[in-house]
Every structure is written in structure tokens, then in C-alpha cells.
1. What FRET efficiency, computed as 1/(1 + (r/R0)^6) with R0 = 60 Å and r the Cβ-Cβ distance, is obtained for residue 406 and residue 63, rounded to the nearest 0.05?
2. With a 10 Å Cβ neighbour count serving as the proxy for reagent exposure, in which order, fewest first, do 434, 325 appear?
3. Could you give the distance between the Cα centres of the range 63-105 and the range 419-444, to the whole Å?
4. When log10 I(q)/I(0) by the Debye sum over Cα atoms at q = 0.08, 0.13 Å⁻¹ is calculated directly from the model, which label among [x] -0.52, -1.11; [y] -0.67, -1.17; [z] -0.47, -1.26 fits?
5. Nearest 10 degrees is fine. How inclined is helix 362-372 to the longest principal axis of the chain, computing both from alpha carbons?
6. Give the residue from 298, 351, 129 lying farthest towards the positive end of the charge dipole for the chain; charges sit on Cβ (+1 for Lys and Arg, -1 for Asp and Glu) and the dipole is referred to the Cα centre.
7. Pulled fully out, how much extra length does the chain show between residue 272 and residue 146, if you take 0.36 nm times their separation in residues and subtract their Cα-Cα distance?
8. Helix-only mean residue ellipticity at 222 nm, the chain, DSSP H runs n ≥ 4 weighted -39,500 (n - 2.57), per residue, nearest 500. What is it?
Amino acid sequence: MVAPLKVGIAGLGTVGAEVVRQIEQQSRLLAARTGRAVRVVAVTARSKAKKRDLNLQDVIWAKSPLALANDPSIDCFVELMGGSGEPALSAVEAALRNGKSVVTANKALLARHGVRLAKLAEEHGGALNFEAAVGAAIPAIKTLREGLAGTEIHRVYGILNGTCNYILTRMEQEGLSFAECLKDAQRLGYAEADPSFDVDGHDTAQKLAILASLAFGTKVAQSAVYVEGISSIKPEDLRAAEELGYRVKLLGVAVRTKTGIEQRVHPTMVPRSSSIAQVMGVTNALTIDGEGVPPITLVGPGAGGAATASAVVSDIADVARGLHIAPFGRPVKRLRKTEKAPMMRHEGGYYIRLMARDLPGTAATIAKRLAQQNISIESIVQRHPNGAPEPPQGRGKRNAKAASTLVPVILITYATSEDGVRQALAAVQNDKVITGRPQVIRIEKN
């Protein structure tokens, strides 16, 4: 008879407590699927006295995460404390050095120390599983690492942060400002009191760094990801996107290019007909483009106690089965170093919104500066102050009052370079035919 898999859990917050419940509730199913029993035998948390509605009567309480990691009675160490530093780092390292398997949902730890931890797992024979670190219940890690092991990946991109997707959804559907939607997201618990980690794109960047490693065989490096957040997005951008057949999403994109692997996080216009454009609210999604297969899109809850815990339990089940797969899909020595790709080399279509001065020659000046950078325009819309769209020509004579009017001008470019767009807009600003900072949103085609 196979001995039970003995599990120790560090961290009994929302996710940790739910993992304990799911293992208890699904004990028969887990045993049937893995061929052995799975038991939580030890835990540790900041407060033992806190009420958790859990049956921990027969479970050992370790004095610290490090003590739990060094406990010879456990086979699998589950880290659910979070954070890229202590105590999570030392505890995970100790567990791996002791030959234990580790399951974690800690994207910050992996984005910063993933290669180092994977090497320890290889050297000492334990597994390092982290399905819950990206997309919670969405099987993003297993799909890239195992399901598509024989497929060359060209691009992975997705909605990897529910807070940002919720805010952009509300802004689009209700015409609210970013500040209004953020305040409501905080009230509902979708955003933290300090939301900068989410809305500035850093949460998505950590997840993208992990996905890029799996997709392209690179060393995990959050520092290689270009990052922009969503605070600059205005309701007028979302209205324009709808009229032009697009929807705005905060995307994490990793793509193979002629100059290397490009990793970027920024607000993006995607065609409304695309699968990822249909993903609304707090839901997450990941699209994978691979050689010889149509794009695969995975959609599901990207956060939440039950969803995240289900991914953790799935990883524990793999440990019980005896599955030991290279954490990032290949041995550490085969992972290539990656550098941050300069965004100025990026090529693609662009949405540009300018506040132009309603003066003779303004449109011609803008067109001239774009042409100097070999930028071709797919569409252009100029609006009256009352909001009615009008082509930017045939305006006739203007009186003194009209001459001081600012008119929104919206451009969609064909594929061009980031450097060309930035140089053209800098020249337009120097020409003083626009006011304020131009709004630029990249376009991601299907």
C-alpha cells in the first residue's frame, strides 16, 4: 500500500484555508485519481488563535515557515504566504534543499527567484509546481509546459489582472472615469487600498515573465518586461475604440520577434471580434499562438480563494502522482538569458488621439510629420466641439472664436515602429498645432 502524501501548509489566509477544506472534502477523489491518500499533517500561520472554521485538531502547528520546511514528517511544502522575500524565500529554499516538493501560488517569488528555485528543485529531486501563480483556476502553466510541449510558441498574450479588466469594463459600459471605477472596485474588494501594483501593470508583468519563460525557454526576468498601466485611459478612448471596431484591454504580451523575445504590458486595442475582447469584468484570459495550431484561448476566474485553491490542490495531486517536470519546461541550463527589448523597436498599429488647434493647416502639419516617419494612416476622424465626427477637411473660413477651439483628432495607423510614432508626435508638439500630451494606445491584431 502506498503511503499517504503528507502536506505542510505555510499560510492560512483565504487561499490556504480553502486548500485545507478542499483536500478534506475531496479526499476520496484525490486518492482515486492519484493512487494515494493526501493529508494535511502540519500548518503554520501568523496567528494560531484566529478563527478559521477549519478542523485542525489533529494537525501539527509549526513554530515558523522555516521550521515547517525543515520538518522531516512532511513530503510536500505548500507556500501560500506571498511576497518575493522573507519568510517565503528561505522556507521554499529549505524545503527544496531537503528534497521536498514545493507547491506555491507566489508569482512575486517566482518572477524574482524562479530560476534559482528551479535549480534547487533539479539538484535535490523535488518538484516545484506553481499553477496558481498565473490565472488561478485557468490551466495556463500546464497548457504551456505540458499540453503544448511539442509546439513552437510564437506569441502568448492575455488579460492577467481582474482588477484592471473590471475597471475598463465599467468605464466602457457606463462611461465612468478611471477614478470613479477604481473607487468602486476598492469598495467591492476587487482593488486594494493601494491599487498601484494592479493598475500600474506590475501584477501582470510578474505573471507575464513566468509565461514567457515557459513559452520561449527564457530565464524568468520581470526586469525584461516593459510596463504601462491603465490610469491614462479616458472614457473618450473607449468610445472611439467601439466606433472603430476595437475594445481596450490591459494585456500582457510576449512575442517572438526578429530581434528577440518582446515582453510588454500596456493598454491595448484588440478587435471586438476576437475571443479576448469578449472577456469582461474580473475574468482573466490567455491566448496562445503556436506553430500548426489555431490560437488557443483559455478563459476563467483569475483570482479568488476557491479558484486559486483548486489550482494549488491540482499541483499537490501531481506531487502525489509522482510527476516531476522541469518547472519551466526544460532544464535550467537550457534556459536562455533574456534582455529587455527596447519598446522603440516595437512594430504594430497605433491609435492616436490628439487635441488639435482648429486652425488652417493643422491637419496638413500633422499629416506631414507622420509622412516624414513613413507612417501610413488607416483612418482619421476629426470631431466638432459638439462631438459630431467630421473628416478633417473642407472646414471653410473660421471666425476668431473658432480659431481658438480645440478639436479631438483620432488616428489609426497601419503597422509602423514605436520610434517613428514617438518622433512624429514630438515634432507635432513642437509645431504647436496640438495641446496636451497625445494619447497613444497600441493595437494587437488577432
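1. In this case the efficiency is close to 0.40.
2. Numbers: 434 20, 325 15.
The most exposed by this proxy come first: 325, 434.
3. So the separation of the two Cα centres works out to 50 Å.
4. [x]
5. 60 degrees
6. With unit charges placed on the Cβ atoms, the residue in question is 351.
7. Taking 0.36 nm per residue and subtracting the Cα distance, the gain is 42.3 nm.
8. One gets -10000 deg cm²/dmol as the mean residue ellipticity at 222 nm.
Readers should treat all values here as calculations from the given coordinates under stated rules, not as data from a laboratory. This one's a predicted model, so the numbers in the text were calculated from it and none came from an experiment. Backbone-built Cβ (ideal geometry, glycine too); neighbour counts: all protein chains shown.
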